[in-house]
1. Quick one: Debye curve from the alpha-carbon atoms of the stretch 211-308 only, equal weights, vacuum; give me log10 I(q)/I(0) at q = 0.13, 0.25 Å⁻¹ to two decimals.
2. Might you report the magnitude of the Cβ-based charge dipole of the stretch 190-323 about its Cα centre, with Lys and Arg at +1 and Asp and Glu at -1, to the nearest 20 debye?
3. Towards the positive end of the charge dipole of the stretch 195-324, with charges on Cβ (+1 Lys, Arg; -1 Asp, Glu), say which of F302, A214, P259 has the farthest Cα.
4. At a Förster distance of 51 Å, what's the computed FRET efficiency of T134 paired with Q165, Cβ-Cβ distance as r, to 0.05?
5. Give me the distance in nm between label points sitting 7 Å out from Cα along the Cα-to-Cβ direction at D241 and I186, one decimal.
6. Let me check I've understood the local charge: for H252, count other residues with C-beta under 15 angstrom from its C-beta, Lys and Arg +1, Asp and Glu -1. What total comes out?
7. Label points 7 Å out from Cα along the Cβ direction at A317 and K80: separation in nm?
Amino acid sequence: MFRKSRFFVFRSSSLALREVRFFKTKLIASGVALGFGLLGLLLLGNVLLNDVFGFGYDELSMLTTENRVLKDQVREMGRKMLVVQRTLEGLAERGNELRLSVDLRRIDDDTRSASIGGTREPSTSAFLTGEAGTLLAESQKLIDRLAREVRLQQQSYEEIQTRLQYNKSFFAHLPAIKPMAGPYSINGFGMRLHPVLHVYRMHYGVDIINDVGADVYAAGDGVVRFSGRTQGGLGIHVEIDHGYGIHSLYGHLSQVLVPTGKSVKRGEVIGRCGRTGLVSGPHLHYEVRRNGVSQNPVDYFFDDVDAARYRALLAQAQANSVQQ
């Protein structure tokens, strides 16, 4: 019945009826348009009233803004970390120079790669995808690499510090100065014709010539291992244990000034030149042994510096350090 109904409009001006065609369609369209209009007004009012109905538009907008800001910050952090990485590479090269200066091997590229390589897969959130996930994953990889690089450099500098302390002690104990003023032969160490026995035999040191009573000095820091006279050809002599497997011996003395067991410093007077033992004239017989093997003492002399010259150089170096 309703489907056959028709609708008319009465016009008072013309006193006539006019049929309204597609009335139902127009009615529905008007209702939909009105509904959308009311919905638009409702949404506009909600925005103006700070999301009074709780639709979450402001929160969504805020999250979108935060996401954009966080992405920018992660990118900036990545750029800064790359700068840090280049700085660490410069420190690594400087560290290698320091390692060489204290007699340590360089950390070569293969060793460095093995120490800081093998980056584990980053544990990013499963909810992060696309650009955000990629940015965070790359940042985590770089942070992980930088952390291992820092640990490697820290270990290297600790090695350098340990070696430096070792070297300071080692060099102080090294018998590096000529123990008495006077001439000597640089070829005195080795096989030679003995001046008294007139036979060829090994000469395990060098002979420094000076008058009886000339001061004899410790060539390096150490502890007196023996001080006194023996029945052998060395006569009165002193032997010093410098540590690190190094010993020095001072023979044919006329007098010893240090007892066995005393700690001595480089340049300290330990005896007087003499002619005790099997000798043809006054001189100092000086030996250096390392791990029980005799060394040519001349190889240890620092620019042929004796104790007096050493003290002068040391005083000058200390004065320069005070002025600086």
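Readers should treat all values here as calculations from the given coordinates under stated rules, not as data from a laboratory. Just so it is clear, the structure is predicted and the values come from calculations on it, not from any experiment. In this analysis, Cβ positions are derived from the backbone assuming ideal geometry, glycine residues included, and neighbour counts consider all displayed protein chains.
1. Taken in order of the listed q values, log10 I(q)/I(0) reads -0.40, -1.47.
2. On the way: 13 positive and 12 negative charges, 59 e Å.
Charge dipole of the stretch 190-323: 280 debye, to the nearest 20.
3. With unit charges placed on the Cβ atoms, the residue in question is P259.
4. On the way: r = 47 Å, r/R0 = 0.93.
Plugging the Cβ-Cβ distance into 1/(1 + (r/R0)^6) gives 0.60.
5. 3.5
6. -2
7. 4.4
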